[in-house]
1. Kindly indicate which of LYS55, LYS15, LYS44 is loosely packed, with under 15 Cβ neighbours inside 10 Å, outside the structural domain of ASN157 (by TED's automatic domain parsing) and closer than 30 Å to ILE241 by Cα.
2. Kindly indicate whether LEU321 is more than 31 Å from the chain's Cα centre (by Cα) and assigned to a helix (DSSP H, G or I).
3. Among the residues of region 87-109, is there at least one that is within 14 Å of MET149 (Cα to Cα) and of a type in the set (A, V, I, L, M)?
4. Can you say whether LYS213 is modelled with pLDDT of 95 or more, crowded, with 20+ Cβ neighbours inside 10 Å and either out of contact with any helix residue (DSSP H, G or I) (no Cβ under 9 Å at 6 or more places or on another chain) or of a type in the set (D, E, K, R) (or both), as far as the supplied structure shows?
5. Name the residue that is farthest from the chain's Cα centre (by Cα), counting only residues in region 204-243 that are part of a helix (DSSP H, G or I) and over 23 Å from LEU189 (Cα atoms).
6. Could you give every pair whose Cβ atoms fall below 7 Å, whose first residue belongs to region 185-196 and is more than 14 Å from HIS333 (Cα to Cα), and whose second residue is hydrophobic (A, V, I, L, M, F, W, C), counting only separations of at least 6 or pairs across chains?
7. Could you pull out the residue among ASN324, ASN229, ASN312, ASN290 that is in the same structural domain as ALA192 (by TED's automatic domain parsing) and closer than 30 Å to ALA92 by Cα?
8. In region 55-64, is there at least one residue being at pLDDT below 90 and assigned to a strand (DSSP E or B)?
Amino acid sequence: MPKRKNTSIKEYQLKNGSKRFMFTIWLGYDSNGNQTVTTRRGFKSYAEADDAFNKMSQTKPDDFVRQKQIKVKELWQLWFENYKNTVKSSTANKTQTNYLCHVDPYFGNNYIDAILVKDLQIWADKLATEMVKYSDVLFIMRSLYEYGMRLGYVDENKLARILVPKKTTRKRRDIEHNVYTQDELDVFLDVAKQTNLTIYTYFKLLSSTGLRKGEALALTWSDIDLINNTISINKTLTYGIGNKLMVNSPKTKQSKRTVPLSANLKQTLLDYRKGQKIVSDKIFHTYQGNYLALSKPTQWLNRVYAKDHELNEEYAKQYKLDENYVLNKDLKHITIHGFRHTFATLLIENTNVKPKTVQMLLGHANVQMTLDIYTHVNNKNKEDAVKSISQLNL
């Protein structure tokens with residue numbers, strides 16, 4: 001490593017172990033006889049700090065304007081202009097939404113150097129009770145402090161001084177409550193078929209492949225290989241900045257994959273295509289042949305549940321059954337993502353498939369996400385075993 005000539009540049013370490021560089025520079029005396037000294041920190045490399053030092057060293061004391069206070073919302077605008085060009089548009093959109101919902105209402109009008117550590121701690125603790133991925137919001141505030149340090153608005157990252165909540169009282173919906181058994185899925189698909197052919201085809205696709213909502217909506221007919229019986233997952237629908245619908249690459253590197261096309265699903269797709277009145281390269285589309293909004297599947301799901309309730313009411317009325325029959329017979333409500341869990345759960349329960357294979361089919365970024373589903377299935381099997389032994393009563 002070449003020797004670093006500028007001894008004014010010092011290396012320091014953040015609490016997470018990351019290295020940063022800083023410097024203090026004396027520019028001389030201004031016309032009023034006052035010394036002009038300033039400190040800059042937060043540089044990720046020596047070269048970056050050296051470049052900033054050299055530029056500042058050319059500044060005359062009378063021309064130097066000391067960094068003034070800046071509000072969080074103003075710093076956000078400066079930071080976001082750079083950040084949005086370094087990530088996917090969909091990621092930038094989520095970050096912007098998180099800022100507007102969880103940062104701006106609390107600190108937007110505060111001067112960043114005036115925020116107390118106590119206030120940051122209270123805010124972080126509250127986030128942990130309201131969100132599952134509250135770390136995404138903490139990332140924004142942490143980044144604003146780091147950026148503010150580089151620009152000279154703050155001397156330290158105060159967020160590094162809080163105790164980050166380790167747990168949240170709000171958890172993701174448990175997998176076991178967000179899946180269908182085989183019998184429940186059969187009933188759901190039967191009701192979906194009575195509701196609308198497009199709706200039925202969409203949910204048949206989700207429950208037969210484990211595709212994510214956006215991946216299924218982004219499919220084109222060219223992605224379906226009817227000869228080799230495969231489906232190519234190479235894109236997804238997301239919302240970019242300004243909630244503009246756009247086609248993007250899959251969620252992760254592992255999400256780009258090829259999944260098997262069962263004979264049953266293949267026939268469903270062929271029947272669906274034959275019944276299409278509008279010619280489009282997209283499998284699911286608007287009347288104009290464009291992609292559907294990401295909110296459409298939830299609307300479809302609600303239609304199926306409404307149809308199910310309607311059918312149960314008609315049956316109860318026909319056979320003069322009380323309203324409790326309808327309440328007991330209505331389908332359990334799950335989320336769109338629940339059909340992905342249902343596919344994985346049924347696959348694990350009914351085959352000898354290995355975790356790595358399920359990871360490949362679902363496009364999980366890591367096998368731990370797959371093992372979480374395995375844990376759910378294994379726990380269910382243990383409960384069934386205990387019940388069976390209790391009933392046997394030997």
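The values are calculated or read from the model by the stated rules, or taken from the named source; none is laboratory data. Quick caveat: nothing in here was measured; it's all calculated off a predicted structure. A quick note on method: Cβ atoms are made from the backbone with ideal geometry, for glycine too, and the neighbour counts reach across all protein chains shown.
1. Step by step, each of LYS55, LYS15, LYS44 is checked, and only LYS44 is loosely packed, with under 15 Cβ neighbours inside 10 Å, outside the structural domain of ASN157 (by TED's automatic domain parsing) and closer than 30 Å to ILE241 by Cα.
2. Working: more than 31 Å from the chain's Cα centre (by Cα): yes; assigned to a helix (DSSP H, G or I): no.
The answer is no for LEU321.
3. no
4. Working: modelled with pLDDT of 95 or more: yes; crowded, with 20+ Cβ neighbours inside 10 Å: yes; either out of contact with any helix residue (DSSP H, G or I) (no Cβ under 9 Å at 6 or more places or on another chain) or of a type in the set (D, E, K, R) (or both): yes.
Taking the combined requirement at face value, the residue satisfies it.
5. SER222
6. The qualifying pairs are THR195/VAL304.
7. Numbers: ASN324 fails: closer than 30 Å to ALA92 by Cα; ASN229 fails: closer than 30 Å to ALA92 by Cα; ASN312 fails: closer than 30 Å to ALA92 by Cα.
Every option except ASN290 fails the conditions.
8. no
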